[in-house]
Amino acid sequence: MALLSQDKIIAGNQALEHYFSKSVVPQLYIDPKMTLKSFTAPAEDLFLISSEDIGKSIFGLQNKIKLNALIKSIRCVLLVEKTREKIINTSNGKLCKLIVQPYFDEQDERIMGVIVTFRNFTGQAEQ
């Protein structure tokens, strides 16, 4: 298997940074130690976070959702390595679909953490 060149790695990292800054979907990227690795800009609407929070524990995040449901879902996905979806309430009364997916190292297939996606569900639930 060929190794990626430094230029390809840099280009890949730049594309990923661009995605994080332009995404309209709130997402968190959390490692197995429950540390925030990255997030998309819309996640700032659900959590009072900034780039200074990268590398910190998610237990200290201030948020508009029930953190217990998030923590429980993350721990479950880290354990069973399967996607988990759940409807949760935000602190302002909106329904939100919480999707927690594992992500893996492609080389050795070990779990590297989870991707947490939040989707506004309030409008869909009312229909």
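At a glance:
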item: Filter result (of a type in the set (A, V, I, L, M) and over 15 Å from VAL100 (Cα atoms)) within region 15-51; result: ALA15, LEU16, VAL24, ALA41, LEU46, LEU48, ILE49
item: Scan of region 62-110 for residues that are more than 15 Å from LEU28 (Cβ to Cβ), of a type in the set (A, V, I, L, M) and surrounded by fewer than 16 Cβ atoms within 10 Å (Cβ to Cβ), ordered by number; result: LEU79, VAL80, ILE87
item: Residue that is nearest to MET112 (Cα to Cα), among those in region 38-52 that are of a type outside the set (Gly, Ala, Ser) and buried (at least 16 other Cβ atoms within 10 Å of the Cβ); result: PHE39
item: Breaking point among (1) within 21 Å of ILE99 (Cβ to Cβ); (2) free of Cβ contacts under 8 Å to residues at least 40 places away in the same chain; (3) surrounded by 11 or more Cβ atoms within 10 Å (Cβ to Cβ), for PHE59; result: (3)
item: Residue in region 68-85 that is among the acidic types (Asp, Glu) and within 20 Å of GLU17 (Cβ to Cβ) present; result: no
item: Within region 25-56, considering residues that are among the aliphatic types (A, V, I, L, M) and touching a residue at least 60 places away in the same chain (Cβ under 8 Å), the one nearest to LEU95 (Cα to Cα); result: LEU46
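Readers should treat all values here as calculations from the given coordinates under stated rules, not as data from a laboratory. What you see is a predicted model; the values in this text were computed from it and never measured. When we count neighbours, we look across all protein chains shown, and the Cβ atoms used for this are built from the backbone with ideal geometry, even at glycine.
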